[in-house]
Every structure is written in structure tokens, then in C-alpha cells.
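> I'd like to ask some things about the structure below.
The values are calculated or read from the model by the stated rules, or taken from the named source; none is laboratory data. Predicted model only: the values in this text are computed from it and were never measured. Glycine also receives a Cβ, built like all others from the backbone with ideal geometry; neighbour counts cover every protein chain displayed.
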């Protein structure tokens, strides 16, 4: 593990990262989802793509990386871009899970590999709408400190700054970004994913012209034991 200090806007971040096969000319950036870190992506893909330099990064506030204020996805994209410039890497392929898929999309690589990506906003369930309403009422009475009672399971136990970040990024609709993406996209999805349902994958497939969809067995974390299968389906892209 290494730490790279980067500036973005008026803030400075200490970003935790790791490189595998650093001498390889070609590189892949692996981006984790919400509530995870680089170690999860390394667990899934560390034994594959052996001709590439692997770049594993902790987003601000996750793993070993610092956070100063609650950024939105555009901010995280800018921070990640500053990081890549600092380590002098220009990955043509990016593999992103969930929230990481959305950030990879915003970075606009030549080859985009999405693993149950976020970015498609679906109508909220009734219970979620009730919780949001209850939280807003609590804030009116100065009880916002009880946010943990209303928070999604994704943010339970996290610091308030991370909850504020979550509120910024969770409802970002990236439909236009998917539609305007000009590179190649490989969309891998868990058939039993109830966090980002299969309808999200089908929507993204429709929006990105040059894309292929691969429904695989499993849930939101289906990719953890699918490294070899994902690599084999990317044969043309990794040449």
C-alpha cells in the first residue's frame, strides 16, 4: 500500500492505493463501490489481467484515504483524475463496481467495464420515501443528529461527512452520461442483484451504443468469484 497526496480545488487528499505489475506499459484502474475499498477489488481481480499494471485506489473517505468535505461524483472524478496524473498513469481500461462504475463512466476511458454500476435512478420504494420524510421532519426539530435511524444500510456506522456524501451521490442520474459515452462498454451484472436491479443493466445497454451485456449468476457482489470469466469475455479489449 502507498499514499499519494493530491490537490483538487482548495482541498488536499491523502489517497491510499496499490499497484500490481507496475512495470507493465498497459494499465487498468479498478474502482470499488460504496462501503468497500481497494482490497475488495484486488481480491476479485489480483490474479487476472497479468499483462497489465493494476491500479487499486481507495476513494476519499474509504479504506486508507482521507476526506475533507462531502464530495459529489464529479468531485470524486476530479480527485481520481488528479491522482492518475500524480502517479503518471493513463489507463485505457477502467473496471468499476457500483459507485465505482459511475466514476469510471465520468472518467471516459476507451474501454469501460461496469460491474452492477450505479447511475440509473429508479423510483423509490414506499418505505424509503417514508424514511426520507421522517428524517426531514426530524431536522425541523433539530434532531438531524439521529440520522443513523434513517440512514440506508450502506451508511450505517459511517461518519456524518460520509452520510452527507452518500446523500449527494445516491440520486445522481447519469443517463445522459451513459448516452454520450463514445467508447466500448462491457456490462457485467448479477442476475439476483437487488441493489442495482437488472433493469438498470438493460437501460445502460440501451443508452450506450457500443456495449455488450453479460448477466451472470449472483447478487450485487457477483464479481468476487467471476474474475476469470470476466477476463475471458474481455479478450478482444485486453489485446
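> With a cut-off of at least 2 residues that are within 27 Å of residue 210 (Cβ to Cβ) and outside the structural domain of residue 164 (by TED's automatic domain parsing), name the strands (runs of 3 or more DSSP E) lying wholly within region 10-115.
27-31, 53-57, 93-97, 111-115
> Follow-up. Go through region 19-57 and give me each residue that's free of Cβ contacts under 8 Å to residues at least 60 places away in the same chain, within 26 Å of residue 163 (Cα to Cα) and surrounded by fewer than 22 Cβ atoms within 10 Å (Cβ to Cβ).
Matches in region 19-57: 37, 39, 42.
> Restrict the check to region 198-210 and report whether at least one residue is in contact with a strand residue (DSSP E or B) (Cβ under 7 Å, 6 or more places away or on another chain), buried (at least 19 other Cβ atoms within 10 Å of the Cβ) and closer than 19 Å to residue 30 by Cα.
No.
> A further question follows. Pairs only if they're at least six apart or on different chains, beta carbon under 9 angstrom, first in region 203-221 and assigned by TED's automatic domain parsing to the domain that holds residue 188, second surrounded by fewer than 18 Cβ atoms within 10 Å (Cβ to Cβ) and in a strand (DSSP E or B); list them, first residue then second.
Between residues of region 203-221 that are assigned by TED's automatic domain parsing to the domain that holds residue 188 and residues that are surrounded by fewer than 18 Cβ atoms within 10 Å (Cβ to Cβ) and in a strand (DSSP E or B), the close pairs are 204/213; 205/212; 205/213.
> Go through (1) within 22 Å of residue 72 (Cβ to Cβ); (2) modelled with pLDDT of 95 or more for residue 168 and report which single condition fails.
Going through (1) within 22 Å of residue 72 (Cβ to Cβ); (2) modelled with pLDDT of 95 or more one by one, residue 168 breaks only (2).
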